[in-house]
1. I need the full set of residues from the stretch 20-61 which are open to solvent by less than 60 Å² (accessible area, probe 1.4 Å), among the small types (Gly, Ala, Ser) and either touching a Phe, Trp or Tyr at 6+ places or on another chain (Cβ under 7 Å) or without any contact (Cβ under 8 Å) to a residue 24 or more places away in the chain (or both), in order please.
2. Just to be sure, is Leu10 surrounded by 11 or more Cβ atoms within 10 Å (Cβ to Cβ), under 30 Å from Leu63 (Cβ atoms) and aliphatic (A, V, I, L, M)?
3. Tally up the residues in the stretch 1-45 that are over 19 Å from the mean Cα position of the chain (by Cα), among the polar types (S, T, N, Q) and part of a helix (DSSP H, G or I), please.
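The values are calculated or read from the model by the stated rules, or taken from the named source; none is laboratory data. Predicted model, so just to flag it, every value in this text is computed and none were measured. Using ideal geometry, Cβ is built from the backbone for each residue, glycine included, and neighbour counts are taken over all protein chains shown. Ligands, DNA and RNA are stripped out before the accessible areas are found, and what is left, the full protein with its side chains, is counted by its heavy atoms. Shrake-Rupley method; radii C 1.70, N 1.55, O 1.52, S 1.80 Å.
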Amino acid sequence: RSVLLAVAGLLLALLSMPAALSILGLASGGSSVSLIMCLSVFIIIGIGSDMLFVYADFWKQSLAHSRAT
């Protein structure tokens with residue numbers, strides 16, 4: 001029900017792919033992207049999605065806690 005949370009989650013998901021490719025390119029020292037690097041992006045997106053669900057649950061718990069007090 002929060003527009004801010006929805007937009008932040010969408011931006012996190014969209015920016016995870018270019019950020020992951022940039023970090024992997026810098027870490028490997030190469031300028032080309034291999035198949036393994038592309039596949040690792042999916043793992044990073046999965047971790048980012050999991051973090052999004054955790055943040056959403058914390059957000060819900062904080063709202064429920066603030067209403068109870």
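1. Gly25, Gly30, Ser34, Ser40, Gly46
2. yes
3. Of the residues in the stretch 1-45, 1 are over 19 Å from the mean Cα position of the chain (by Cα), among the polar types (S, T, N, Q) and part of a helix (DSSP H, G or I).
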